[in-house]
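Contents: one structure, followed by commentary.
Nothing in this text is a laboratory measurement; each read-out follows from the coordinates by a stated rule. Keep in mind the model is a prediction, meaning the values are calculated, not measured. Cβ placement follows ideal geometry from the backbone for every residue including glycine, while neighbour counts extend to all protein chains displayed.
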Amino acid sequence: AMALSSELKPEKVWHCGFGLETEFLPWLNQKVSLYGKYYYDLISERINPISGLTPEKVEKLLQLFFENNPDSTMTEEEIIAAYILEHGSILFQSTYGNNGKGYACGLEYFLRFDPTDFWHGWISFTYSQSKRQRNPGWRWSNFGLDRPFLFSVVNFYRLPRNYEIGLKYRFMSGLPYTTVDFD
């Protein structure tokens, strides 16, 4: 069962950043940035056990089952028996609240070059950390899209007749995983 709270608030963030840009030559410049973010009121899930199968809970189980499986041919007794075999006699309910908080901080470096009419590009480096706490007192964990280290080199070459060719190299750390939700 999933119970969304009507009392959910928007997630909020404070952001602070400092930067410095330097031009070494007309065709060579750099940017250095430091930033920090503090997230609060993040939406987090809490799974609450509901003990026992009282008549009200059986009714709720059946209602949720038929809402999620409208084409099912199972009888009510089969649904209850299957649930008890799989989960025992304890139901769980998922609720949401604004209990989460998090932070992100990092350093970004960007060196851009454009020395000739036919060649330009850049080198960039980022080091960062992004953590999240789902509920007060829980352990801190990495945000799902945390990329602590990123290094990129990009070169573009202009060819005759308005053609361009580009080369790009990127190295990054983090968990290269995209979640899949099934409906």
- Item | Using a Förster distance of 22 Å, the FRET efficiency for F24-F125 (Cβ separation, nearest 0.05) | 0.85
- Query: What is the extension gain from R139 to E7, computed as 0.36 nm multiplied by their sequence separation minus the C-alpha to C-alpha distance, in nm to one decimal?
  - Reply: 45.0 nm
- Once both labels are modelled 7 Å past Cα along the beta-carbon direction, what's the M74-K31 spacing in nm? 5.5
